[in-house]
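Worksheet for the structure shown next.
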Amino acid sequence: MQIPSKYAPSLTEDKWYSYWMERGFFISEPDDREAFCIAIPPPNVTGVLHMGHMLNNTLQDVLVRRARMQGKNACWVPGTDHASIATEAKIVAKLKEEGIEKTDISREEFLEKAWEWKNKHGGIILEQLKKLGASCDWRRTKFTMDDDLYESVIDVFIDLYNKGLIYRGVRMVNWDPKALTALSDEEVIHKEVRSKLYYVKYKVEGEEDEWITVATTRPETILGDTALCVHPEDERYHNLKGKRVLVPLLNRSVPVIFDEYVDREFGTGALKITPAHDLNDYNLGLKYGLDVIDIFNDDGSLNEKAELYIGKDRFRVRKEIVADLEKNGHIVKIEDYLNSIGFSERTDEVIEPKLSLQWFLKMSEMAKPALDIVMDDTINFYPKKFKNTYRHWMENVKDWCISRQLWWGQRIPVFYLPNNEMVVAKSKDEAFEMARNKFDLPDLEIEDLQQDEDVLDTWFSSWLWPITIFDGIRNPDNKDINYYYPTKDLVTAPEILFFWVARMIMAGLEYRNEIPFKNVYLTGIVRDKMGRKMSKSLGNSPDPIELMNKYGADGVRVGMLLTSPAGNDLPFDEMLCEQGRNFCNKIWNAFRLVKSWDVDENLDQPESSKTVIKWFDSRLNSILELLDDQFQKYRISDALMLAYKLIWDDFCSWYLEMIKPTGYAKDEKKYIDKYTLNATIDFFEKLMKILHPFMPFITEEIWHQLNDKEEEDCIIVSDLPLPEKVDQIILDQFEYAKEVIIAIRKIRSEKNIRNKDAIELYVKKNFSEKPITDFDSICSKLCNLCDIKYTEEKIEGAITFVVKSTEFYIPLTESIDTAEEIKKLKDELNYTKGFLSSVVKKLSNERFVNNAPEKVVANEQKKKSDAEARVQVIEEQLKSLGN
């Protein structure tokens, strides 16, 4: 078969993905194997693939494919999140395009439109993941509004309500005036914003010319002021005890209160108190029984209670009220001020603190066991540094506002009665029966019941995800939940550590009495070369589909993983994808080279090939050990780099060069002995297995072309190679030979000696060392040496170099530049002495010697003796040159 000169991802990726799907390789059902399950962090149903998804899902696919090749029953469950705020915003915008306002249609009509939109656009991101190579069990695809998941969420609400953990109350909440809904604290993003600090004068009531100045960043809220507050020990304001002040522009009389809450160093040390629009003010209002004046409508415009600027937007009012305050002599000064302001995570709207009747979930009882389970490493975080972040949040957790003023989502199962009572039930019929029995209302009609208009926070469905994807709430003893739960690994972003990870742990302990996953791998944020977070608004985020079309899915996967250590941000550069594509081409060229050789049955296997095969076998097994270690530590990027260097450096640059047939013209057919070729193909297959989790497409393609395979014999379900015995002696011998080869090649380059011109090499061993000749024939082959001779004498008129304590001489016909040789040896001597000094310093450190593993200390001691021997040899060479 003619092998293309270049690897073509476009010809292989769709072919192999379709083949894997047809053969059912991604499908998982419970059996007697060890289960390995990952639940995908469900992307928003509104979403399309972005670079964060690419990184996250590549990492998951690597873990799943590796587990599958280890013989585990790998199950990767895909799905999407209904994303109530984001999806509802899209539906509202679409309706507006059609000339329809949300308020013009019924809830049922709106939901019909929402489902229509979801069914048309909701699967885009999952289809895009297939192009990446995601090996999910697509039959198991879930959506957080599926009937079974919806029912599970309602069941959990009812259960927690009956346990006394869910309650309804008026609280200060984070209000999104754009989405028209409350948000939890975790859905608010705080940003540093350049704003203004306004110093405003309040007249002391009943005094001719006495004023008190306060500093505020929000002058529009003055209209809701119901008190002024100063510190009880602030001598500047002792005279104000028992007095009142007049609210500017309104002349409303409000009391001056004294409380230690006030920071005397901020502004003037006096605070305006607006209980309806600031959490701290609200708490002071409760403490001192202050009036509460809510001056804002839900959309952020001012209402009748403000008395002025009614119907105008809050930020427009800010400008107008400042002008009016200046006109009336109330502005003392205005300063620039850097302020931390809360923004809605979903709409990027400035959050408005607002008193609102909402539903809350008590968190403190559930947080304690969920904290302990992470701190004692029952659940492992990678990297560990996030344990402290998690602990801080869990120790300061607040009750979770779980109601949202939306239509898209799981509707709160609470029904209100005409007598102001309420019942919590799964359906209106059930609520009706409960109400009649509980409240003795024989005349009650079912139409009298009104269900709560709000829906539950999206995270209230997502926190159950590892359980509900296996129907573990409704059917807690089914075979899937018993087999796959707890899942093995969770790969997610640190920014949803509290939104999602912590709450899933709480839900798992509450409803399964078991953790939801064993390991949490926290990825970094994908940033551009300037360190900025990639986003649509900045225009700095490349289209992942375009990247994959340009570089191939394998190339992009490698590019994403090359610089993405757990928990650290990924400085993404498209050049990384090019590096990934180049790696594909390197592998493909190696494959073409091996396939270009024919077996000559009459050829004996050279001793040099036997040595090289023995070396590479040990090298491969040593890397397999390291790979296992890196995967156990979730150092996926480091594991890829090990595989990358093993293939690029050890296999392509060294092994193939050392065993490839020589003595043939460029276009002439090349023959090799069958033993070497078989060993080479065996190595190649093992390398493709190692690489498959990272680069699934090219490895499957090469796997099928290296050797004749049965149709179902695919690399995706092959066995991952296991580490075998490592011969450390031959590894050390090769490293020594490699240094010699590199040194000879450097001399050829410096002296302009053509590679086709054969040269002699003399070797002088020192300190009674015996020659090791195993790699001599390989040195001869790679360096075109006509002879290697061992000598006890120095060779005059030759170029010299030193490897460890051995001297090497290359006789040249032309005269040697003694001054240049002395300079070269001195540089080498200085370098070696510096290296020796660093090793001696390390070995002088008692802490290192006493605490480091014995093997590590022995290695440092060997470095010391080698360096000392090298120094001695170089100094003798300098003496022989008269220096």
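Table for the structure above
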{"item": "Residue match in the stretch 471-491 (condition: of a type in the set (Asp, Glu), surrounded by fewer than 24 Cβ atoms within 10 Å (Cβ to Cβ) and over 32 Å from the mean Cα position of the chain (by Cα))", "result": "yes"}
{"item": "When residues of the stretch 667-704 are limited to those that are farther than 27 Å from residue 618 by Cβ and under 36 Å from the mean Cα position of the chain (by Cα), the one surrounded by the fewest Cβ atoms within 10 Å (Cβ to Cβ)", "result": "704"}
{"item": "Subset of the stretch 179-205 that is surrounded by 15 or more Cβ atoms within 10 Å (Cβ to Cβ), under 19 Å from residue 353 (Cβ atoms) and touching an Asp or Glu at 6+ places or on another chain (Cβ under 6 Å) - its residue that is modelled with the highest pLDDT", "result": "197"}
{"item": "Test: residue in the stretch 630-651 that is farther than 22 Å from residue 586 by Cα and touching a Lys or Arg at 6+ places or on another chain (Cβ under 8 Å)", "result": "yes"}
{"item": "Residue 436, sole failed condition from (1) more than 22 Å from residue 366 (Cα to Cα); (2) open to solvent by 10 Å² or more (accessible area, probe 1.4 Å); (3) of a type outside the set (Val, Ile, Thr); (4) not in a helix (DSSP H, G or I)", "result": "(4)"}
{"item": "Exclusive hit being in contact with a strand residue (DSSP E or B) (Cβ under 9 Å, 6 or more places away or on another chain) and among the small types (Gly, Ala, Ser), set 819, 852, 798, 858", "result": "798"}
{"item": "Some residue of the stretch 778-787 being without any contact (Cβ under 8 Å) to a residue 24 or more places away in the chain, surrounded by 15 or more Cβ atoms within 10 Å (Cβ to Cβ) and aliphatic (A, V, I, L, M)", "result": "no"}
{"item": "Residues being crowded, with 17+ Cβ neighbours inside 10 Å, touching a residue at least 60 places away in the same chain (Cβ under 8 Å) and assigned to a helix (DSSP H, G or I) - total across the stretch 360-372", "result": "3"}
{"item": "Matching residues, the stretch 13-52, being at pLDDT 95 or above, open to solvent by less than 70 Å² (accessible area, probe 1.4 Å) and assigned to a helix (DSSP H, G or I)", "result": "13, 16, 17, 18, 19, 20"}
{"item": "Residue in the stretch 384-391 that is basic (Lys, Arg), in contact (Cβ under 8 Å) with a residue 12 or more places away in the chain and either at positive phi or surrounded by 20 or more Cβ atoms within 10 Å (Cβ to Cβ) (or both) present", "result": "no"}
{"item": "Those helices (runs of 4 or more DSSP H) lying entirely in the stretch 771-883 with at least 3 residues closer than 21 Å to residue 739 by Cβ", "result": "776-783, 818-844, 854-880"}
{"item": "Subset tally (residues that are in contact with a Cys (Cβ under 9 Å, 6 or more places away or on another chain) and not in a strand (DSSP E or B)) for the stretch 164-176", "result": "0"}
{"item": "Which listed residue is outside any helix (DSSP H, G or I) and open to solvent by 10 Å² or more (accessible area, probe 1.4 Å), from 712, 735", "result": "712"}
{"item": "Checklist (1) under 30 Å from residue 501 (Cβ atoms); (2) among the aromatic types (Phe, Trp, Tyr); (3) open to solvent by 50 Å² or more (accessible area, probe 1.4 Å) applied to residue 337, failing item", "result": "(1)"}
{"item": "Single residue of 626, 640, 656, 646 found to be without any contact (Cβ under 8 Å) to a residue 60 or more places away in the chain, in a helix (DSSP H, G or I) and crowded, with 18+ Cβ neighbours inside 10 Å", "result": "646"}
{"item": "Residue count, the stretch 123-141 (criterion: surrounded by fewer than 21 Cβ atoms within 10 Å (Cβ to Cβ) and not in a helix (DSSP H, G or I))", "result": "3"}
{"item": "Number of the exception - residue 215 against (1) more than 22 Å from residue 336 (Cβ to Cβ); (2) surrounded by 19 or more Cβ atoms within 10 Å (Cβ to Cβ); (3) modelled with pLDDT under 95", "result": "(1)"}
{"item": "Pick from the stretch 143-163, criterion without any contact (Cβ under 8 Å) to a residue 60 or more places away in the chain and either part of a loop (DSSP other than H, G, I, E, B) or in contact with a His (Cβ under 9 Å, 6 or more places away or on another chain) (or both), ranking: surrounded by the fewest Cβ atoms within 10 Å (Cβ to Cβ)", "result": "163"}
{"item": "The stretch 289-316, subset in a helix (DSSP H, G or I) and open to solvent by 30 Å² or more (accessible area, probe 1.4 Å), residue nearest to residue 228 (Cα to Cα)", "result": "305"}
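So that you can scan it fast, the table gives a plain yes or no per residue for (1) modelled with pLDDT of 95 or more; (2) buried (at least 19 other Cβ atoms within 10 Å of the Cβ):
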| position | (1), (2) |
| --- | --- |
| 207 | no, no |
| 222 | yes, yes |
| 261 | no, no |
| 264 | no, no |
| 278 | no, yes |
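Each row is one residue, and each column tells you yes or no for (1) of a type in the set (Lys, Arg); (2) open to solvent by less than 20 Å² (accessible area, probe 1.4 Å); (3) at pLDDT below 95.
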residue: 275; (1), (2), (3): no, yes, yes
residue: 283; (1), (2), (3): no, no, yes
residue: 318; (1), (2), (3): yes, no, no
residue: 358; (1), (2), (3): no, yes, yes
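This table checks each residue for (1) assigned to a loop (DSSP other than H, G, I, E, B); (2) more than 22 Å from residue 159 (Cβ to Cβ); (3) touching a residue at least 60 places away in the same chain (Cβ under 8 Å).
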site	(1), (2), (3)
466	no, no, yes
474	yes, no, yes
481	no, no, no
489	no, yes, yes
499	no, no, yes
502	no, no, yes
521	no, yes, yes
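The values are calculated or read from the model by the stated rules, or taken from the named source; none is laboratory data. In this text the structure is predicted, and so the values were computed from the model without any measurement. Note: ideal-geometry Cβ built from the backbone for every residue, glycine included; neighbour counts use all protein chains shown. Surface accessibility is based on the protein's heavy atoms, side chains included, excluding ligands, DNA and RNA. Shrake-Rupley method; radii C 1.70, N 1.55, O 1.52, S 1.80 Å.
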